[in-house]
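A quick write-up on the structure given underneath.
The values are calculated or read from the model by the stated rules, or taken from the named source; none is laboratory data. Everything numeric in this text was worked out from a predicted model, so none of it was measured. Neighbour counts are summed over all protein chains in view; Cβ atoms, including those assigned to glycine, are modelled from backbone coordinates with ideal geometry.
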Amino acid sequence: MRILDAVIDYFHINTENIMCTGNSGGGTATYYFACMDERIAVAVPSCAVCTYESSIAAMFHCMCNHIPSIRKYFEMGDLAALIVPRKLLISAGEKDPIFPIAGVRKTFETIQEIYTLAGAAEQCALITGDGGHFYYADLIWPKLREMGV
């Protein structure tokens, strides 16, 4: 957040259209950053958004993916309530062993419900590539254009 403060303070950027994206740990950081900072207009976490039960709690992950005791209170999809109505594009791999697609789809159902209840259903989407743990740029950028980014 402080880096974004510095970029805004020292460079001429359009602060109405700040987008954040990343894959894996970068995707997790993207998702949580959008939850915490309303200046993020578009968030595109890749290979990161999944149920905690299917991913973070199911296997070894580096510590940067963990928020101590979060599963007592929230599932990852619930946190989308902190992002709505801003644009959220979730990217995942059908064969990602680290963030299994069943957990991704379950999480996205929750996200869709939150966005629908907020009257912003068209502001969120899920795209899936046919491979594994990979940044699917060839799918992400056309979908963002379709979403008006």
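Of the numbered criteria (1) of a type outside the set (A, V, I, L, M); (2) out of contact with any Gly (no Cβ under 6 Å at 6 or more places or on another chain); (3) modelled with pLDDT of 95 or more; (4) not in a loop (DSSP other than H, G, I, E, B), the one ARG71 fails is (3).
On the basis of being crowded, with 16+ Cβ neighbours inside 10 Å, within 13 Å of GLY27 (Cβ to Cβ) and not hydroxyl-bearing (Ser, Thr, Tyr), does PHE134 make the cut? Against the criterion (crowded, with 16+ Cβ neighbours inside 10 Å, within 13 Å of GLY27 (Cβ to Cβ) and not hydroxyl-bearing (Ser, Thr, Tyr)), PHE134 qualifies. Taking residues in region 33-47 that are touching a residue at least 60 places away in the same chain (Cβ under 8 Å), and partners anywhere that are crowded, with 16+ Cβ neighbours inside 10 Å and among the hydroxyl-bearing types (Ser, Thr, Tyr), the pairs with Cβ atoms closer than 6 Å and at least 6 places apart or on different chains are VAL44/THR21; SER46/SER91; SER46/TYR135; CYS47/SER24. Among the residues here, PHE60 qualifies as farther than 22 Å from ASP37 by Cβ, surrounded by fewer than 19 Cβ atoms within 10 Å (Cβ to Cβ) and modelled with pLDDT under 95.
Between LYS87, LYS106, LYS95, the distinction of being touching a residue at least 40 places away in the same chain (Cβ under 8 Å), surrounded by fewer than 20 Cβ atoms within 10 Å (Cβ to Cβ) and either on the phi > 0 side of the Ramachandran plot or charged (D, E, K, R) (or both) belongs to LYS106 only. Within region 106-143, the residues that satisfy the criterion of being outside any helix (DSSP H, G or I) and closer than 17 Å to PRO85 by Cα are ALA118, GLY119, ALA120, CYS124, ALA125, LEU126.
For LEU82, the criteria (1) touching a residue at least 24 places away in the same chain (Cβ under 8 Å); (2) in contact with a strand residue (DSSP E or B) (Cβ under 7 Å, 6 or more places away or on another chain) hold in every case but one, which is (2). The residues of region 4-44 that are of a type in the set (A, V, I, L, M, F, W, C), within 27 Å of ALA92 (Cα to Cα) and assigned to a helix (DSSP H, G or I), listed by number, are LEU4, ALA29, PHE33, ALA34, CYS35, MET36.
Here THR51 meets the list (1) assigned to a loop (DSSP other than H, G, I, E, B); (2) at pLDDT 95 or above; (3) within 19 Å of ALA125 (Cβ to Cβ) almost entirely, failing just condition (2).
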